[in-house]
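Engineer: I am attaching a structure below and will ask some questions about it afterwards.
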Amino acid sequence: MENSFASLISSANEILVLLPNKPYLDQVAGGLSLYLSLLGLGKKVSIFCPVSMTAEYSRLIGVDKVTTDLENHNLTIKFVNYEATDVDKVSYDILDGQFKLTITPKLGFKSPTKDQVDVSYSGISCDLVILIGGANDSHFPILNKEEFKNTKLVHIGTRLLEVINNDLQVLSFARPASSTSELITLLLKESGYSIDSDIATNLVTGIEEQSKNFQGESVTADTFTIFAELLKLGGKRMQKVVQAKNYPQGSIPTKPFTQTINRQMTPEEAEEELNQEIPASWSEPKIFTGTTVS
């Protein structure tokens, strides 16, 4: 099928996985899993988020690959504080496989100095963009750039993406699921893409987080089946470590049990306890009264 997920991936040369501006951990987990899977296929792929990854996402494998800068397609060289009219001509040569750029100034004028050379990057290059999650296209502000006008856009999420910008055409693979990670697992399986232990671990983390430990309303029997399959593929459950100070008061002891259990009294402590005054009520006979129902 021409618009199947696998066919779109197969025909793409450069792929961009795009996270929303305020992504859930599940969306980052699913996006990274897709990125790692496509990377394993030998695809030229990158993953972008408009905000930096915080400590919340640090337990996800490959999170360091999420970039906040996509302007790296074109190398731009400009000369700072140098009159452009002083340049006579610009030429290039390829010598021994190396590119050489030559700036020739006009007669009587000086060439730019090394300190005046400013090197930077600009432009975005991709022919397929995969949007992960989000409620509408405003959650992906980078789509307003000119470079995306003729780019294929695909959306993966647990609900349809509302497209406000009429210039954007988005093909949706949205469907109900407990999480974006569950949906991406299904797409990877349907496309025949391999899921290694790293990918499975991210997907396990995303499903568990977004489904609220399987207590969410969108959890189905399929969720448990998919989760079990991911564990069989090497996925590891990476629960957040909750510090003792964050537990509710009284939920854990203030001292380790080993300080009070199996501890022997000293003779002084035993004598002090024996000499404690016993309440008189403890030694009085217990009299129980009742009523007779006739």
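Engineer: Answer with yes or no whether GLU83 is modelled with pLDDT of 80 or more and over 23 Å from the mean Cα position of the chain (by Cα).
Structural biologist: So GLU83 fits the description; yes.
Engineer: Next question, about the same structure. Would you be able to say whether some residue in region 24-42 is at pLDDT 95 or above, buried (at least 17 other Cβ atoms within 10 Å of the Cβ) and in a loop (DSSP other than H, G, I, E, B)?
Structural biologist: For region 24-42, residues at pLDDT 95 or above, buried (at least 17 other Cβ atoms within 10 Å of the Cβ) and in a loop (DSSP other than H, G, I, E, B): present.
Engineer: Which of (1) without any contact (Cβ under 8 Å) to a residue 24 or more places away in the chain; (2) within 30 Å of ILE226 (Cβ to Cβ); (3) not aliphatic (A, V, I, L, M); (4) not in a helix (DSSP H, G or I) does PRO50 not meet, given it meets every other one?
Structural biologist: All conditions pass for PRO50, except number (1).
Engineer: Okay, next question. Run down SER46, SER33, SER58 and say which single residue is under 20 Å from LEU128 (Cβ atoms), hydroxyl-bearing (Ser, Thr, Tyr) and out of contact with any Lys or Arg (no Cβ under 9 Å at 6 or more places or on another chain). Quick ask: steps written out before the conclusion?
Structural biologist: On the way: SER46 fails: out of contact with any Lys or Arg (no Cβ under 9 Å at 6 or more places or on another chain); SER58 fails: under 20 Å from LEU128 (Cβ atoms).
Criteria check complete, one pass: SER33.
Engineer: Given (1) surrounded by 13 or more Cβ atoms within 10 Å (Cβ to Cβ); (2) assigned by TED's automatic domain parsing to the domain that holds ALA228; (3) of a type outside the set (Phe, Trp, Tyr), identify the lone condition not met by GLU146.
Structural biologist: (1)
Engineer: Failed condition for LYS106, given (1) without any contact (Cβ under 8 Å) to a residue 24 or more places away in the chain; (2) within 23 Å of GLY134 (Cβ to Cβ), with all others met?
Structural biologist: Looking at each condition in turn, LYS106 falls short on (2).
Engineer: Kindly indicate which of PRO112, PRO105 is of a type outside the set (A, V, I, L, M, F, W, C), buried (at least 16 other Cβ atoms within 10 Å of the Cβ), touching a strand residue (DSSP E or B) at 6+ places or on another chain (Cβ under 7 Å) and at pLDDT below 90.
Structural biologist: Criteria check complete, one pass: PRO112.
Engineer: Let me ask something else about it. Restricting to region 12-42, give me the number of residues that are without any contact (Cβ under 8 Å) to a residue 24 or more places away in the chain and in contact with a helix residue (DSSP H, G or I) (Cβ under 9 Å, 6 or more places away or on another chain).
Structural biologist: Of the residues in that region, 1 qualify.
The values are calculated or read from the model by the stated rules, or taken from the named source; none is laboratory data. The model shown is predicted, which means the values in this text are computed figures rather than measured ones. Neighbour counts run over all protein chains shown; Cβ positions are idealised from the backbone, glycine included.
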